[in-house]
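Trainee: The following block contains the structure, expressed as structure tokens.
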Protein chains: 2
Amino acid sequence: MTQDMTLLWGSGSPPCWRVLIALEEKNLQGYNSVLLSFEKGEHKSQQVLDINPRGQLPTFKHGDRIVNESYGICSYLESQFKNQGTKLIPECGAEQARMYQRMYEGQTLAQKMMDVLTYNMKVPEGERHDSAIKRNSEALSAEIKTWEGYLQKGPGPYLAGKDFTLADVTVYPNFALLFRLGLCEKRYPKLAEYCNFLKDRPSIKATWPPTWRENPQGQTVLKDL
Amino acid sequence: MTQDMTLLWGSGSPPCWRVLIALEEKNLQGYNSVLLSFEKGEHKSQQVLDINPRGQLPTFKHGDRIVNESYGICSYLESQFKNQGTKLIPECGAEQARMYQRMYEGQTLAQKMMDVLTYNMKVPEGERHDSAIKRNSEALSAEIKTWEGYLQKGPGPYLAGKDFTLADVTVYPNFALLFRLGLCEKRYPKLAEYCNFLKDRPSIKATWPPTWRENPQGQTVLKDL
């Protein structure tokens, strides 16, 4: 069933990681997995551009169907393989509402992370301002505090409640990246607890970014956030 | 069934409009509709903040369930009322794949629109650069050309194919806003055709932004794009 699936992906990228997790949770192992290097610019290679003219990873093919947007791939997989593996959309309406809310709020978190982490890449040198860097950093810090608050209020242990859902599939990789980049576990104890709890989940273990596994030492760029 | 639904929204905002369309398509008329004014800052009022601490519209309550993210509300409504009104997720797998791809690509379009339309609001005066304005404008123009190309290649007449789906619900309001702001119909003929085709759909007619109805004359800010 998975021989006609191909995923092109890069290590440590939250959009790629969420697709890897979804594939594991839906028991879709055995697909054609192509690991590319962002450092070498392979996401702009012809192999990618042929499937995804935006030159971005992930890039996903199922037969001749192409879905490249990570939220789209996860939703597509859940929809196509509803009765296989983990049910990623809960039956309970209240939990479903929380799932959709957190899942899409995760895009605001991701955007604020990008504003901080890719500032020098996205903003040409002559247009950079310390005031913008400070503002982006404060916005990200406030955003992370919002999520710490969500986890404090519960119901937990997952983002939408008692079940592991699309909210965890899509948002967890962002949090994992924040801690990898030095976010202080003591300052965000509930987030740290959530991340450590999920670390042992088979789908997370199986898809842990290979570059992180090779080099377990994280960075410190977000240590003061 | 809809007496326990409340939507707080603002006129002309694509995120609000897509929720209004979804509610119509799912035959959920009769909900408690609260139209607020962005100009008067009512999206930051206590009434909104009580449901949505981010102080953004739309804001949606179904009983005691809260979903504020527009993509989340549309997905939630489709999920909860699957067998009522228009089926917004097609059965056909190929069409479903296209739907998810276009639906989430629509977020890139929306982001590029925001970069252009809210530049002065988001970037403090001392940090503004003509080069950034030019770059944002070029990026939006390229993005719109990408979508013109999608519609040229088909299959149409809707974004994912023969059925009106969540892709149209979520992305159409962005296109309608672009033309309202002066986008040239002759330069983007397929997009114009798509927009004019959808204009007569009951859910679109019923939810046409009241401020646009009052003042049918659009703006010209995007006429050169």
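Trainee: Determine the total buried accessible area between chain A and chain B, counting protein heavy atoms only with a 1.4 Å probe; round to the nearest 100 Å².
Mentor: Working: alone 11560 and 11560 Å², together 20340 Å².
Interface area, both chains combined: 2800 Å², rounded to the nearest 100.
Trainee: When you look at the Cβ of every residue in A:66-76, what mean number of other chain Cβ atoms sits within 10 Å? Please report the intermediate quantities before stating the final value.
Mentor: Values: counts 4, 8, 4, 9, 1, 5, 12, 4, 2, 8, 7.
Shielding by partners across A:66-76 averages 6.
Trainee: At 222 nm, what helix-only mean residue ellipticity would the protein assembly as shown give, in deg cm²/dmol to the nearest 500, using -39500 (n - 2.57) for each DSSP H run of four or more?
Mentor: -16000 deg cm²/dmol
Trainee: Separate question: All other residues with a Cβ under 12 Å from the Cβ of A:Asn68 taken together, and with Lys, Arg as +1 and Asp, Glu as -1, what is their net charge? Intermediate results must be reported in sequence, preceding the final value.
Mentor: Values: positive: A:Arg54, A:Lys61, A:Arg65, B:Arg98, B:Arg102; negative: A:Asp50, A:Glu69, B:Glu105.
Combined, the nearby Lys, Arg, Asp and Glu give +2.
Trainee: Between segment B:128-177 and segment B:23-97, what is the C-alpha centre distance in whole Å?
Mentor: Each part's Cα centre sits 22 Å from the other's.
Trainee: Using r as the Cβ-Cβ distance of A:Asn83 and B:Ala142, and R0 as 51 Å, what FRET efficiency do you calculate, to the nearest 0.05?
Mentor: Taking R0 as 51 Å, the efficiency between A:Asn83 and B:Ala142 is 0.80.
Trainee: Further question on the same structure: Indicate the residues belonging to segment B:127-141 that lose 30 Å² or more of solvent-accessible heavy-atom surface (probe 1.4 Å) upon moving from the chain alone to the assembly of all protein chains, ignoring ligands and nucleic acids.
Mentor: B:Glu127, B:His129, B:Arg135
Trainee: Hey, another quick one. For segment B:5-80, what proportion of DSSP beta bridges, expressed in % and rounded to the nearest 5, is antiparallel?
Mentor: Roughly 60 percent of the DSSP beta bridges within segment B:5-80 come out antiparallel.
Trainee: Which is the longest part of chain B that has none of the GluC sites (Glu not before Pro) sitting in a DSSP loop with at most 15 other Cβ atoms within 10 Å?
Mentor: Longest gap between qualifying sites, sites excluded: B:92-184.
Trainee: Let me ask another. Write down the accessible area per residue of chain A in Å², having rolled a 1.4 Å probe over the full set of protein chains.
Mentor: Result: 45 Å² per residue.
Trainee: What nm distance separates the two modelled labels at A:Thr118 and A:Lys153, each placed 7 Å from Cα along Cα→Cβ?
Mentor: Going from the A:Thr118 label point to the A:Lys153 one covers 3.0 nm.
Trainee: So between B:Asn32 and B:Trp212, what do we pick up on full extension, going 0.36 nm a residue minus the alpha carbon distance?
Mentor: Details: separation 180, 0.36 × 180 = 64.80 nm, distance 2.17 nm.
Residue separation times 0.36 nm, minus the Cα-Cα distance, leaves 62.6 nm.
Trainee: Also, I was wondering about something else. Looking only at B:Lys205, B:Lys186, B:Lys26, which one moves most when chain B is put into a Gaussian network model with springs between Cα atoms under 10 Å?
Mentor: B:Lys186
Trainee: Counting every Cα pair in segment A:93-209, what percent are over 17 Å apart?
Mentor: Roughly 57 percent, once rounded to a whole number.
Trainee: Could you please report the charge total around A:Gly10, scoring K, R as +1 and D, E as -1 over all other residues with beta-carbon less than 13 angstrom from its beta-carbon?
Mentor: Charge balance near A:Gly10 sits at +1.
Trainee: What spacing in nm lies between the two simple spin-label points modelled at B:Met1 and A:Ser131, each 7 Å away from Cα in the Cβ direction?
Mentor: 5.3
Trainee: Pick out the long, greasy-scoring helices in chain A: whole DSSP H runs spanning 24 Å or more along their own axis by Cα, mean Kyte-Doolittle at least -1.0.
Mentor: Membrane-span-like by this criterion, though nothing is claimed about a membrane: A:93-117, A:130-153.
Trainee: When the accessible area of the protein assembly as shown is computed with all protein chains present and a 1.4 Å probe, what percentage of it is carbon and sulfur?
Mentor: Values: 10300 of 20340 Å².
That share works out to 51 percent.
Trainee: Nearest 5 percent is fine: what portion of the DSSP beta bridges confined to chain A is antiparallel?
Mentor: Of those bridges, close to 60 percent are antiparallel.
The values are calculated or read from the model by the stated rules, or taken from the named source; none is laboratory data. Small disclaimer: the values here were computed from a predicted structure and weren't measured. With ideal geometry, Cβ positions are generated from the backbone for all residues, glycine too; neighbour counts draw on all protein chains shown. Keep in mind that these areas ignore ligands, DNA and RNA; they rest on the heavy atoms of the full protein, side chains included. Shrake-Rupley method; radii C 1.70, N 1.55, O 1.52, S 1.80 Å.
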